[in-house]
1. Mind ordering 30-43, 88-101 by average Cβ neighbours within 10 Å, highest first?
2. From the phi angles alone, apply the Karplus equation (6.51, -1.76, 1.60; θ = phi - 60°) to region 31-42 and give each ³J(HN,Hα) in whole Hz, x where the residue is Gly or Pro.
3. So who's got an amide H within less than 5 Å of the one on Gly136, skipping anything under 5 residues away but keeping other chains? H placed 1.01 Å off N, in plane.
4. Just flag the trypsin sites (Lys or Arg not before Pro) in region 62-123 sitting in loop per DSSP whose Cβ has no more than 13 other Cβ atoms within 10 Å.
5. Let me check I've understood the local charge: for Leu95, count other residues with C-beta under 12 angstrom from its C-beta, Lys and Arg +1, Asp and Glu -1. What total comes out?
6. Any chance you could check the Cα centroid distance between region 78-134 and region 29-68 for me, in angstrom?
7. Here are some values of percent of Cα pairs over 26 Å apart: (1) 16; (2) 47; (3) 21. Which one was computed from this structure?
8. If contacts are Cα pairs under 8 angstrom and at least 6 residues apart, what is the relative contact order of the chain in percent?
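The values are calculated or read from the model by the stated rules, or taken from the named source; none is laboratory data. Since the model is a prediction, treat every value here as computed from it, not as a measurement. Neighbour counts are summed over all protein chains in view; Cβ atoms, including those assigned to glycine, are modelled from backbone coordinates with ideal geometry. When the accessible area is computed, the model is the full protein with side chains, heavy atoms only, and any ligands, DNA or RNA have been set aside. Shrake-Rupley method; radii C 1.70, N 1.55, O 1.52, S 1.80 Å.
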Amino acid sequence: MAKRVTVFFYGLFMDPEGLMTKGLRPADFRRAYLERFALRLSNRATLVAYHNGRVYGTIATLTRAGLDRLYSEPSVVAYRPEPVLARLADGTAELALCFNLPTIPDDRTTDPGYVADLRAIARKVGLPELYVASIGKDE
């Protein structure tokens, strides 16, 4: 059996059904959040360090081969894994990988369709409504 890796998702990959349509078998999906980060949107989502920030998403486990396949897609190939401490609703925390852009894009022009899709997925997975409403808003 292939070893599974815990991953924190904050963009469109938060949707387990979306991952399954890509032929992946995610397991152990749970809502989680990262402290000291903020969500930045351009063509895709990325995270930036922010002292008062909180970014909500999900954690799930995938095989290393599945992760490699997922992040070899052209739209996300530039993302790199970094370790994070994902906080769960029950007060516990879990180490996870989080794929993030190594360089933050200067262009903050965001496709309204992408924002709508991201909000829909965030609602679908049960993220806090105040957070969902903030997606795509300038700070």
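1. The packing order, highest mean first, is 30-43, 88-101.
2. So the Karplus estimates, Gly and Pro as x, are 6, 7, 8, 10, 8, 6, 9, 10, 7, 10, 10, 9 Hz.
3. Those qualifying (amide H under 5 Å, at least 5 residues apart or on another chain) number zero.
4. For trypsin sites (Lys or Arg not before Pro) across region 62-123 that sit outside H, G, I, E and B with at most 13 neighbouring Cβ atoms in 10 Å, the list reads Arg108.
5. Here the charged neighbours net out to -1.
6. 4 Å
7. Computed from the coordinates, percent of Cα pairs over 26 Å apart corresponds to (1).
8. Over the chain, the number comes to 29 percent.
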